Every structure is written in C-alpha cells, then in structure tokens.
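The values are calculated or read from the model by the stated rules, or taken from the named source; none is laboratory data. Quick caveat: nothing in here was measured; it's all calculated off a predicted structure. Using ideal geometry, Cβ is built from the backbone for each residue, glycine included, and neighbour counts are taken over all protein chains shown.
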Amino acid sequence: MRKSWTNRLRSDPAATAALAIFALGAATLLGAWYFEYVVKLAPCPLCLEERLPYHIVIPLSALLAIAALARAPRALITVGFLAILIVMLCGAALGAYHAGVEWRWWPGPTDCSGPLTDFTTKGPLLNQLQSIRIVRCDEAAWRFLGISLAGYNVLVSLLLAAVAGFGLLARRAKRLRSFLR
C-alpha cells in the first residue's frame, strides 16, 4: 500500500528538516521584503549581502526535500545538508559582522559606514548628491527588544543551521535504528 506524502514526510526526518528550512528561509526573505517595501526601510549594502545565503538555501532546501522524499542516495542528502549548514553559518557570521558594525564594535565598509566627503564645488552635481539619502550600515534602522534586523538574521541563520544539522544527524540515526533491528 502506498503511503500518502504526509505520512512519508512524517517518517522521513530529512525531508521534514528540508521543508522546515525552506519555509523558515522563505518567511525570513519575505519579512525582509516586507520591511523594505511596506515599512519603507531601505536596506544598506550589508543588508542586501545578508540575503544572499537565503537565495542559495531556499531552492536548495526545496530540492533536498524532493530528493529525500524520492529516496535519493544518502550521500546526496548528506552533501545537501552540509551545504545548507555551511551557507547558513556564513550567513550568521555576516549578520554578526553587521550587528557589530551597528553597535560600533568595529568599523564597517567605507562605502556605507565611512565618513561622508565634504564636497566644496557648487553646481548641479552637488545638488543631486545632497538629495540622495545614503543608507548607512552602522545605523540600525529598526530594533525590537534591543536587537536589530541584522541581529535577528544571526538568530535565524543559526536556527536554520541547527535544523540542517538535525536533518543530517536524524537521517543517520534513522539508518542506524533500521540497521540495529
């Protein structure tokens, strides 16, 4: 008798972990777009870079869930979870760097946190430059409970890395249990 996909999902922790990573990663990216387009908080260059791991992990986790449900080779699932783990740890490191720049624990990139140059020439170019609003990397645009969006990105990235680690270990534990029976 064929199992329904929900029963297969419950019985396969790797597929469940991959779908959880997909859902949480997509929700995080949608949240970033909400703050950008609805709340009108323009992202700084570091904020945009912090989104890159999600652009990698979201499609990878969807493919990984499909592969796990299709009973792909264990090595493929392992490599997928390791890739997600590494990418999300890099995302957490980038978020921690950005949060440190916001708290002024260390200097940020000069293109978004360095001093603004004093332009002494007058003319149309100066007027255009004065009307541009530069989004600074060293100023948190929003905080909740004292944590900026960069700080929340660190927490979400670490959570996604932990879920990837769970998927990796749960798959091995399942195989060990079936071996011992």
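Report every pair of residues separated by at least 6 positions or lying on different chains whose Cβ atoms are under 7 Å apart, first residue within the stretch 69-91 and within 14 Å of Ala15 (Cα to Cα), second among the β-branched types (Val, Ile, Thr) and in a helix (DSSP H, G or I).
If the second residue must be among the β-branched types (Val, Ile, Thr) and in a helix (DSSP H, G or I), the pairs left are Ile84/Ile21; Ile84/Val57.
Among the numbered criteria (1) at pLDDT 95 or above; (2) over 18 Å from the mean Cα position of the chain (by Cα), which single criterion is violated by Val87?
Just one mismatch for Val87, condition (2).
In the stretch 127-157, which residue that is surrounded by fewer than 16 Cβ atoms within 10 Å (Cβ to Cβ) and at pLDDT 80 or above is farthest from the chain's Cα centre (by Cα)?
Looking at residues that are surrounded by fewer than 16 Cβ atoms within 10 Å (Cβ to Cβ) and at pLDDT 80 or above, I get Leu145.
Checking Ala70 against (1) under 14 Å from the mean Cα position of the chain (by Cα); (2) modelled with pLDDT under 90: exactly one of these is not met. Which one?
Checking Ala70 against (1) under 14 Å from the mean Cα position of the chain (by Cα); (2) modelled with pLDDT under 90, the one that fails is (1).
Looking at Ala23 and the list (1) touching a residue at least 12 places away in the same chain (Cβ under 8 Å); (2) under 18 Å from Ala162 (Cα atoms); (3) small (Gly, Ala, Ser), which single condition is not satisfied?
Only one criterion in (1) touching a residue at least 12 places away in the same chain (Cβ under 8 Å); (2) under 18 Å from Ala162 (Cα atoms); (3) small (Gly, Ala, Ser) is unmet by Ala23, namely (1).
Can you tell me which residues in the stretch 37-60 are among the charged types (D, E, K, R) and either out of contact with any helix residue (DSSP H, G or I) (no Cβ under 8 Å at 6 or more places or on another chain) or on the phi > 0 side of the Ramachandran plot (or both)?
Within the stretch 37-60, the first condition is being among the charged types (D, E, K, R), and the residues that meet it are 40, 49-51.
Scanning the stretch 37-60 gives a single hit, Lys40.
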